[in-house]
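Okay, so here's the structure we're looking at.
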Amino acid sequence: MSVVTVVEAAPEPLPDLDTEGFWKATARGEIALGRCQSCRRWQHPPVERCRECAGPTAFEPISGAGSVYSFIVVHRASVPGFSGLLPYVIALVELDEQPGLRLAARLVGVEPSETTIGQRLQGEITEVFGSEYRIPVFRPVATLAP
Amino acid sequence: MSTAIAGIGRTEYSRNSGRTTMAMAAEACRGAVADTGLDLAEVDGMICFQAAGDSVGPLAVSQSIGLPELAWSIDMNGGGNVVANVIATAAAAIEAGLCRAVVAYRSLNGRSGYRFGTATGKLSVGGPLQFEAPHGYLVPPQWIAMWAKRHQHVYGSTCEDLGQIATTQRAHAVNNPHAINRTPLTMDDYMAGRWINEPFRIFDCAYEIDGAVAILIVGRELAASLRQPPVWLVGSGDSQSGRGWTEWDDPTQMYSRYAAPRLWNRTGLSAEDMDVACMYDCFTYTVMATMEDFGFCEKGGVGEFFAKGQATYGGDVVVNPHGGLLSEGYIHGLNHYYEAALQLRGQGGERQVPDAKLALVTAGAGPYGGASVLSSEEP
Ligand SMILES: [Zn+2]
């Protein structure tokens with residue numbers, strides 16, 4: 001029997017015509033989301049035509065500022081590519097651009113035990129493990145004491 | 001026309017069946033028909049559900065049990081979210097005159113084969129999940145833990161509240177010889193369980209198993225001629241949303257915020273009328289959120305409801321007398337229909353709910369699911 005070394009790669013995105021703008025933006029180092037060019041609403045996941053008014057959409061950069069809406073601490077390696085990172089934090093990030101506009105993303109620069117709902121975050125671009133693709137992650141930002 | 005569950009069948013449940021989904025489906029389907037005394041050749045409809053091609057469809061299964069053709073069949077794509085729809089659609093097909101006797105089945109090697117809670121291999125993920133999968137965020141025990149955390153934040157529910165659900169259902173499974181996990185579980189045991197995805201511990205997650213369940217549904221005329229007491233389908237309510245696990249506006253509520261009023265309006269019944277509630281429990285939090293939505297208790301009150309014994313024998317309603325997916329095992333929710341039928345037939349044995357006449361069966365979680373009310377009396 002030969003010993004096979006398995007190198008874990010994270011799942012890769014499979015972009016299509018409606019979503020490729022997101023991945024082109026991250027390749028440039030930007031976070032961009034689909035936005036209606038008529039009513040100006042942001043939409044994620046992106047669609048060719050606005051869900052609200054059927055107007056044309058285009059990808060526009062977002063500020064990357066948001067806050068933790070909810071989060072989990074992942075302890076079990078349920079998805080390939082992450083066993084070396086356990087435990088890691090995944091958050092639903094509510095973006096400042098629009099109420100209810102959310103990205104699910106990994107948090108960086110924070111201990112699981114220090115993560116809280118409402119925590120302020122700033123997005124940045126990082127690699128998808130074992131892939132050419134790049135993706136936004138979020139890092140807590142210091143907020144002024146009240 | 002009224003429709004009823006006339007027969008039920010199932011295989012042994014195990015961690016490693018050593019059998020194909022075809023072999024198990026055939027056994028369960030034959031069992032459901034034999035249960036009633038119906039001539040197998042009378043079965044003219046078949047419906048199943050499967051996800052990611054993890055099972056075998058009605059054409060292959062009907063052929064394998066000696067039915068050369070079917071008047072009606074559907075191979076539905078989905079998980080727990082479509083179970084109530086499978087039952088309702090079978091009943092609707094009978095009511096529409098498309099067929100007379102339908103076997104609905106689910107067969108899966110959920111532990112030894114394709115596991116829903118674990119993704120493996122080199123994956124390329126399209127659709128809405130393409131933005132999340134590269135973060136290692138891709139499977140139900142993550143999505144539903146995320147929702148549970150929000151509920152804890154908004155309503156102050158706790159891990160102990162989830163533990164009340166897990167320990168109560170385990171206590172029920174102790175009296176169920178068919179359950180895969182019958183070891184009593186204390187709150188200390190629960191709290192000592194290893195983390196899967198905080199706030200979920202191992203005991204918050206369905207117990208993945210291999211096996212098959214089949215449910216035979218017929219119209220009134222046929223039901224009257226069969227061996228077992230019919231278990232009547234009083235009504236169904238469903239809700240499926242295209243808003244996924246990230247977009248859904250309020251994770252403290254599930255599909256049931258829409259399906260529950262539909263079901264109660266159609267049946268003229270309410271939570272307090274139910275003797276048995278087979279609540280879909282892929283995770284403890286699914287029971288919590290859906291019990292609130294179906295009106296068994298106030299938001300944030302489920303932990304106390306269980307702690308005070310209202311969800312067990314002698315209380316308001318017996319929740320998952322078989323132990324549910326958490327303890328009997330994960331036959332993707334069709335085993336909840338099996339249990340409800342058994343209870344309403346008065347054949348629950350040691351775990352029989354006294355005078356059980358009405359049962360709620362729910363299936364699904366998050367944005368997608370449905371429910372049925374079953375009755376021992378013709379509606
Ligand atoms: Zn628009």
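Dividing the convex hull volume of the alpha-carbon atoms in chain B by its residue count gives 127 Å³ per residue. A simple spin-label model places pseudo-atoms 7 Å from Cα toward Cβ; at residue B:122 and residue B:98 they are separated by 4.2 nm.
Computed from the Cα positions only, the extents of the range B:36-80 along the three principal axes stand at 32, 19, 16 Å, in decreasing order.
Report, ordered by chain and residue number, the lysines lying within cross-link reach of residue B:122, taken as a straight Cα distance under 30 Å and ignoring same-chain residues fewer than 8 apart. Of all the lysines, those that pass the test against residue B:122 - Cα under 30 Å, at least 8 places apart if same chain - are A:24, B:149. A convex hull fitted around the alpha carbon atoms of the range B:85-160 yields 220 Å³ per residue. Other residues with beta-carbon under 12 Å from the beta-carbon of residue B:249 carry, at +1 per Lys or Arg and -1 per Asp or Glu, a net charge of +1. Across all C-alpha atoms in the range A:15-62, the radius of gyration and Dmax reach 10.0, 30 Å.
Relative to its Kirkwood radius, the Cα radius of gyration of the range B:65-217 gives an Rg/Rh of 1.03.
The value for the range A:63-146 of Rg(Cα) / (2.2 N^0.38 Å) is 1.09.
Bridging of residue B:308 to lysines at a Cα separation below 22 Å is possible for B:299, once same-chain residues fewer than 8 apart are set aside.
Sparsely packed loop sites in the range B:1-104 (the GluC sites (Glu not before Pro) outside DSSP H, G, I, E and B with at most 12 other Cβ atoms within 10 Å) comprise B:69. By the Kirkwood approach, averaging reciprocal distances over each pair of separate Cα atoms, the range B:203-250 gets a hydrodynamic radius of 15.8 Å. Remark: chain A is approximated by an ellipsoid whose semi-axes, taken from the C-alpha gyration tensor as √(5λ), come to 28, 22, 12 Å, largest first. Spin-label model, residue B:59 to residue B:41: label points 7 Å out along the Cα-to-beta-carbon direction sit 2.4 nm apart. Go ahead and run the numbers for FRET between residue A:85 and residue A:28, Cβ-Cβ distance against an R0 of 25 Å, rounding to 0.05. Calculated transfer efficiency: 0.45. Considering only A:81, A:95, A:126, the residue lying farthest towards the positive end of the dipole of the range A:63-146 is A:81, judged by Cα position with unit charges set on Cβ.
Extending 7 Å from Cα along the Cβ direction at residue A:60 and again at residue B:350 yields two label points whose distance is 6.6 nm.
What whole-number distance in Å separates the alpha-carbon centres of the range B:319-342 and the range B:168-199? When both Cα centres are located, 14 Å separates them.
Over all pairs of different C-alpha atoms, the protein assembly as shown has a mean inverse distance whose reciprocal, the Kirkwood radius, equals 24.0 Å.
The residues neighbouring residue A:80, those whose beta-carbon lies less than 9 Å from its own, together hold a net charge of 0 under the Lys/Arg +1, Asp/Glu -1 convention.
Computed from the coordinates by the stated procedures, all read-outs in this text should not be read as laboratory data. For clarity, every value in this text was computed on a predicted model and none was experimentally measured. Neighbour counts run over all protein chains shown; Cβ positions are idealised from the backbone, glycine included.
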